[in-house]
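> Take this structure, written in structure tokens, and hold onto it; I'll ask about it next.
The values are calculated or read from the model by the stated rules, or taken from the named source; none is laboratory data. It should be emphasised that the depicted structure is a prediction, and the values quoted were computed from it without experimental measurement. Cβ: placed from backbone, ideal geometry, glycine included. Neighbour counts: every protein chain shown. Just the protein is used for accessible areas: all its heavy atoms, side chains included, with ligands, DNA and RNA removed. Shrake-Rupley method; radii C 1.70, N 1.55, O 1.52, S 1.80 Å.
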Amino acid sequence: QVQLVESGGGLVQPGGSLRLSCAASGSIWSIYVMGWYRQGPGKPRDLVASITSTGTTIYGDSVKGRFTISRNNAERTIYLQMNSLKPDDTAVYYCNLKSGGGESWGQGTQVTVSS
């Protein structure tokens, strides 16, 4: 059983920055992929960014050049640095972990970009 705890969401003005964190605990395989997905009102849940246990990253097209995903393997934590935020980035952001043991989701953290 894997638990994912997110933090760092909130309200920010357009052009501002936020940093999300996701800490994993429980039984985690040594090879895994962690990432962030988001779901805006009336929209599907889409990939924002992911990172493997060896550091390979993938970004959604809408966030390339603005968001950066990173990880601390020792602490089983990933981060999402979000810069140049836009109103379209408003969504609930979910942490996700995939491994041979299955898939887990966090409870989600709200990010609102508004003036």
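> For the structure I just gave you, tell me whether TYR93 is at pLDDT 95 or above, aromatic (Phe, Trp, Tyr) and under 14 Å from GLY8 (Cα atoms).
Considered against the rule, which asks whether it is at pLDDT 95 or above, aromatic (Phe, Trp, Tyr) and under 14 Å from GLY8 (Cα atoms), TYR93 comes out as yes.
> Could I ask something else about it? Name the strands (runs of 3 or more DSSP E) wholly within segment 40-99 that hold at least 2 residues that are open to solvent by less than 30 Å² (accessible area, probe 1.4 Å)?
On the way: elements: 46-52, 57-59, 67-72, 77-82, 91-99.
The strands (runs of 3 or more DSSP E) meeting that bar are 46-52, 67-72, 77-82, 91-99.
> If you take the residues of segment 10-39 that are within 17 Å of SER84 (Cβ to Cβ) and assigned to a loop (DSSP other than H, G, I, E, B), which of them is most open to solvent (accessible area, probe 1.4 Å)?
GLN13
> For segment 24-39, what are the residues that are at pLDDT below 95, within 14 Å of the chain's Cα centre (by Cα) and among the small types (Gly, Ala, Ser)?
ALA24
> Please go through segment 98-113 and give me each residue that is at pLDDT 95 or above and in contact with a Ser or Thr (Cβ under 7 Å, 6 or more places away or on another chain), ordered by number.
THR109, VAL111, THR112, VAL113
> Pull up segment 100-115, narrow it to residues that are assigned to a strand (DSSP E or B) and crowded, with 19+ Cβ neighbours inside 10 Å, then point me to the one that is farthest from the chain's Cα centre (by Cα).
Looking at residues that are assigned to a strand (DSSP E or B) and crowded, with 19+ Cβ neighbours inside 10 Å, I get VAL113.
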